[in-house]
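Before any comments, here is the structure.
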Amino acid sequence: MRYAYYTLAFVVVLLLSIMGFRGMKSTLPPIEIFSDMEKQAKYKPQAESKFFADGRADRAIPAGTVPHGRTADADPAFLRADDFLYAGKMADGSFARNFPVEVTDTFIHRGQNRYMIYCYPCHGALGDGNGITKSYGMVVTPSYHDDRIRGMAEGEIFNTITHGKNTMFSYADKLSPEDRWAVIAYVRALQRAHNGRIDDVPLEQRGGLK
């Protein structure tokens with residue numbers, strides 16, 4: 001057994017003699033067991049490269065590239081610099097009314113498609129809050145036909161879809177900004193239809209009503 005202790009002591013002394021104590025300074029380079037993390041095959045800024053014909057490692061920005069970010073003066077060259085489109089707000093920070101894009105039949109149908117996927121389970125097909133989740137105990141889903149929501153600015157609805165509110169989670173990871181506006185356009189269509197009258201329908205289209 002004593003030989004085992006001798007061996008252990010020898011190993012400890014050997015390790016200390018090679019690696020030293022914590023905090024000791026050494027003029028020798030450190031021992032690298034896995035050197036690939038320290039010495040990577042990469043080009044540094046402004047370095048030369050024999051791979052490219054012009055000998056430069058730095059490459060020109062591809063044509064049509066748009067910088068990502070925001071600037072203090074809301075430079076339109078930067079993505080998401082449009083507060084109306086991407087935040088639903090005006091320059092003074094208030095919620096915007098109306099839409100930042102043209103509302104067409106195609107746009108509304110796109111909103112209907114996204115609504116039926118993401119909004120219908122809770123808000124119902126008619127936007128009255130009677131979705132399937134109500135059968136499972138979620139009884140606080142508001143109706144889009146409440147005066148509060150009917151009078152709400154489109155930008156505030158956009159903000160709710162983007163960031164969520166109360167028990168509603170954010171849908172920013174599921175709906176692009178354009179799709180969020182399309183959903184809002186469809187919600188406005190549901191509200192209009194809910195309180196619509198026969199006189200609101202053009203004469204040439206009334207024959208298709210049931």
Checklist outcome for this item: Going from the fewest other Cβ atoms within 10 Å to the most, one would list 147, 128 as 147, 128
Checklist outcome for this item: Treating only Lys and Arg (+1) and Asp and Glu (-1) as charged, each at its beta carbon, one finds that the chain has a dipole about its Cα centre, in Debye to the nearest 20, of 840
Checklist entry - Rounded to the nearest whole Å³, what is the per residue volume of the convex hull around the Cα atoms of the chain? => result 368
Checklist entry - Ranked from highest to lowest mean number of other Cβ atoms within 10 Å per residue, what is the order of the peptides 103-110, 199-206? => result 103-110, 199-206
Checklist entry - With the Cα gyration tensor of the range 99-154 giving a ≥ b ≥ c as the square roots of its eigenvalues, does the rule (a/c under 1.5 for rounded; else a/b larger than b/c for prolate; else oblate) give rounded, prolate or oblate? => result oblate
Checklist entry - Which shape class applies to the range 105-197: rounded if a/c is under 1.5, otherwise prolate when a/b exceeds b/c and oblate if not, where a ≥ b ≥ c are the square roots of the Cα gyration tensor eigenvalues? => result rounded
Checklist outcome for this item: Listed with the fewest Cβ neighbours within 10 Å leading, 94, 17 appear as 17, 94
Checklist outcome for this item: Heads up, the range 150-210 by the C-alpha gyration tensor (a ≥ b ≥ c square roots of eigenvalues; a/c under 1.5 rounded, else a/b over b/c prolate, else oblate) looks prolate
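Around residue 157, what is the net charge, scoring Lys/Arg as +1 and Asp/Glu as -1 over all other residues with Cβ under 12 Å from its Cβ? Provide the component values of the computation, followed by the final result.
Numbers: positive: 97, 148, 150, 165, 180, 188; negative: 154, 156.
Its environment carries a net charge of +4.
Which helices of the chain meet both criteria: a Cα extent of 18 Å or more along the helical axis and a mean Kyte-Doolittle score no lower than 1.0, with helices taken as whole DSSP H segments?
Within the chain the helices that satisfy the rule are 2-19.
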Checklist entry - Projected onto the charge dipole of the chain (+1 at Lys/Arg Cβ, -1 at Asp/Glu Cβ, origin at the Cα centre), which of 162, 90, 15 gives the Cα projection farthest towards the positive end? => result 15
Checklist entry - Hey, in the GNM for the chain with a 10 angstrom Cα cutoff, which one of 49, 176, 135 fluctuates hardest? => result 49
Checklist outcome for this item: Within the set 165, 42, 134, GNM on the chain using Cα springs under 10 Å gives the largest fluctuation to 42
Checklist outcome for this item: Listing 95, 51 by rising number of other beta-carbon atoms within 10 angstrom, fewest first, gives 51, 95
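Would you check the chain for Lys pairs whose C-alpha atoms are within less than 21 Å, ignoring same-chain pairs closer than 8 in sequence, and give me the count?
Count of close lysine pairs: 6.
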Next on the checklist: Mean-square fluctuation check for the chain, GNM, Cα pairs under 10 Å: which of 43, 186, 144 is largest?
Outcome noted: 43
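If I stretch the segment between residue 59 and residue 3 completely, what's the gain in nm (0.36 nm per residue apart, minus their alpha carbon distance), one decimal?
Residue separation times 0.36 nm, minus the Cα-Cα distance, leaves 13.8 nm.
Read-outs: derived from the displayed coordinates by stated rules, not from any lab. Keep in mind it's a predicted model, so treat the numbers as computed, not measured. Positions of Cβ are generated from backbone atoms using ideal geometry, with glycine treated the same way; all protein chains shown enter the neighbour counts.
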